[in-house]
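The values are calculated or read from the model by the stated rules, or taken from the named source; none is laboratory data. All figures in this text were calculated on a predicted structure; none of them were measured in a lab. For neighbour counting, all protein chains shown are included, and Cβ atoms are generated from backbone atoms with ideal geometry for every residue, glycine included.
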Amino acid sequence: MRKMTVGIMGGTGHQGKGITKRILKNTDLTVMIGSRLKEKAERVVSEEFNEYSSRVVPIHNSELRGADVIFLTIPSNQAIEMLEPYKEWLRSKIIVDCMNPVDFSSGTPIWKPPKEGSMTQMLIERLGFSRSLAALKAIGAKILNSDKKIEQSLFVAGDDEEAKNTLIEILESFPASGVVDIGSASSVPYMEAMATLAIRLSFQKKKGSVGFKVVYQ
């Protein structure tokens, strides 16, 4: 794997910490944990990633410009507000959208995508993030934070093939039951709908995280 720096915007949340843990444990890459409060990022690094102190950097989100690949694990309903101030330099980055526009207000998870069709398409069309990809939408944060192999497929979608190959290389290290490229950014709505189904099943069955695995027969 080529040398690069990975950034996590929203890195102090459960999902962000799970991605950080997988990357630090299975690669030699440097990870920047970004937060709106740098002190919060520093606390997370001190409490949970101290053994990787030479390769993990707590920062404010504005300092993520030093990363090559940036995973977005921020609330979907705050995405535009949080990304707008940094859009000029984010446009040159490989952006990995891990967000799901799911509404929990009724008590039942309901997929409510933006008008563009998906969060990834919104990033491309509204903010000009042409290198945006989608990944890890249908994987529960609990699974990401475990020490076990992910017994599910990791789905990836996006228009930039070079960026996608870089992301796939990172995800293949996790490890999991294969990385599945489902196509262009126009395929992301299927991924988000799948993630919503996984959340619903998890709510209904109350048997932990639910995921999907592609089996070719």
Requested in this report: Please work out which residue is nearest to F71 (Cα to Cα), limiting yourself to segment 88-109 and to residues that are modelled with pLDDT of 95 or more and hydrophobic (A, V, I, L, M, F, W, C).
Outcome: V96
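Of all residues in segment 56-72, count the ones that are within 16 Å of G16 (Cα to Cα) and either surrounded by fewer than 16 Cβ atoms within 10 Å (Cβ to Cβ) or hydrophobic (A, V, I, L, M, F, W, C) (or both).
First, the residues of segment 56-72 that are within 16 Å of G16 (Cα to Cα): 56-61, 64, 67, 69-72.
Going one step further and asking which of them are either surrounded by fewer than 16 Cβ atoms within 10 Å (Cβ to Cβ) or hydrophobic (A, V, I, L, M, F, W, C) (or both), we end up with 56-57, 59-60, 64, 67, 69-72.
Within segment 56-72, residues that are within 16 Å of G16 (Cα to Cα) and either surrounded by fewer than 16 Cβ atoms within 10 Å (Cβ to Cβ) or hydrophobic (A, V, I, L, M, F, W, C) (or both) number 10.
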Query raised in the report: Which one of these does A157 not meet: (1) outside any strand (DSSP E or B); (2) buried (at least 22 other Cβ atoms within 10 Å of the Cβ); (3) not basic (K, R)?
Result: (1)
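Of P85, P75, which residue is within 15 Å of the chain's Cα centre (by Cα), modelled with pLDDT of 95 or more and surrounded by fewer than 16 Cβ atoms within 10 Å (Cβ to Cβ)?
Working: P85 fails: within 15 Å of the chain's Cα centre (by Cα).
Going through P85, P75 in turn, the sole match is P75.
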Requested in this report: Could you tell me whether segment 166-178 includes any residue that is crowded, with 16+ Cβ neighbours inside 10 Å, in contact with a helix residue (DSSP H, G or I) (Cβ under 6 Å, 6 or more places away or on another chain) and without any contact (Cβ under 8 Å) to a residue 40 or more places away in the chain?
Outcome: no
Report summary line: Pairs returned, first residue in segment 197-210 that is on the phi > 0 side of the Ramachandran plot, second residue that is modelled with pLDDT of 80 or more and surrounded by fewer than 17 Cβ atoms within 10 Å (Cβ to Cβ), beta-carbon separation under 9 angstrom, 6 or more apart or interchain, are G208/K142
